[in-house]
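Structure provided below as structure tokens; questions to follow.
The values are calculated or read from the model by the stated rules, or taken from the named source; none is laboratory data. All values derive from a computational prediction rather than experimental measurement. Note that each Cβ is placed from the backbone with ideal geometry, even for glycine, and that neighbours are counted across all protein chains shown.
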Amino acid sequence: MNTIYILWLRQLKRYIRSKPRIVASLGQPLLFLLGLGFGFGPVFAKAGQGNYIQFLAPGVIGMTILFTSIFSGIELIFDRQFGFLKEMLVAPVPRILIMIGRTLGGATVAMIQGLIVLIISVISGFRPSVMALPAGLLYMALIAILFTALGTAIASVLSDFQGFQFVMNFLVMPVFFLSGALFPLSNVPSVLGALAAIDPLSYGVDGLRLALTGVTHFGGTLDLAVLSIVGAIFMVVGGRLFNRIQL
């Protein structure tokens, strides 16, 4: 347990020390929230869908957690190249504990980023249900753990940053855009609906939307089940791949 705590704390310290990175990572969520939120707001309202900021904010929070979580896992490549990973792996502790500590640390950082975007969303006009915030935090935690574990699994099989652009273009961006974060899934074409149904972030965004605004597409029970099961699978896969890392 001490190993998990130390690695969790190390991830938090790295996050706190990287103030420029914190500010820079908020640029994209702000662009989506303010640019799309106010830009497409009148169109969304004319279509009879209500306040677009109210719809968009949970999706932008989910996006923030997705990107931060994946990047936290990908940091494993940086640690490998600069020797930090070797120092951890030579310690007389099981590798699975190292992986769990890094994953929980990265997930905590992602949740903090998500909370910052939630506060900015409230300032921008988003009005969440205060009583449902604990449920919102639960969904944020599940999203963060799931995608941090996925990032760790990916980083465990990449030896350098050359494959990082591939991950961004063919995994992270499609996962975000197909999740229903920017548009309702209720009347989309059947192919798009099928792709959204196999996207784990869809259930995270839907759960956040349910918790914070009371609106859902899949239902809270299915959201929790998918996030929990897929998150557990990614933790197992990430743990096995991490255990096979060769220095």
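Taking residue 183 as meeting all but one of (1) farther than 20 Å from residue 212 by Cα; (2) at pLDDT below 90, write down the number of the exception.
Looking at each condition in turn, residue 183 falls short on (1).
Sticking with this one: For region 201-247: of the residues being in a loop (DSSP other than H, G, I, E, B) and of a type in the set (Gly, Ala, Ser), which is modelled with the highest pLDDT?
In this case the residue turns out to be 219.
Within region 210-244, which residues are buried (at least 21 other Cβ atoms within 10 Å of the Cβ), over 20 Å from residue 133 (Cβ atoms) and not hydrophobic (A, V, I, L, M, F, W, C)?
Result: 231, 238, 239.
Would you pick out the residues in region 71-93 that are more than 24 Å from the chain's Cα centre (by Cα) and free of Cβ contacts under 8 Å to residues at least 40 places away in the same chain?
If the condition is that a residue be more than 24 Å from the chain's Cα centre (by Cα) and free of Cβ contacts under 8 Å to residues at least 40 places away in the same chain, then 82, 83, 84, 87, 90, 92 are the ones that fit.
Just to be sure I understand, how many residues within region 127-154 are of a type in the set (A, V, I, L, M, F, W, C), within 23 Å of residue 37 (Cα to Cα) and surrounded by 24 or more Cβ atoms within 10 Å (Cβ to Cβ)?
Final tally of qualifying residues: 2.
Suppose we filter region 159-182 for residues that are in a loop (DSSP other than H, G, I, E, B) and crowded, with 19+ Cβ neighbours inside 10 Å; how many remain?
Here the count works out to 4.
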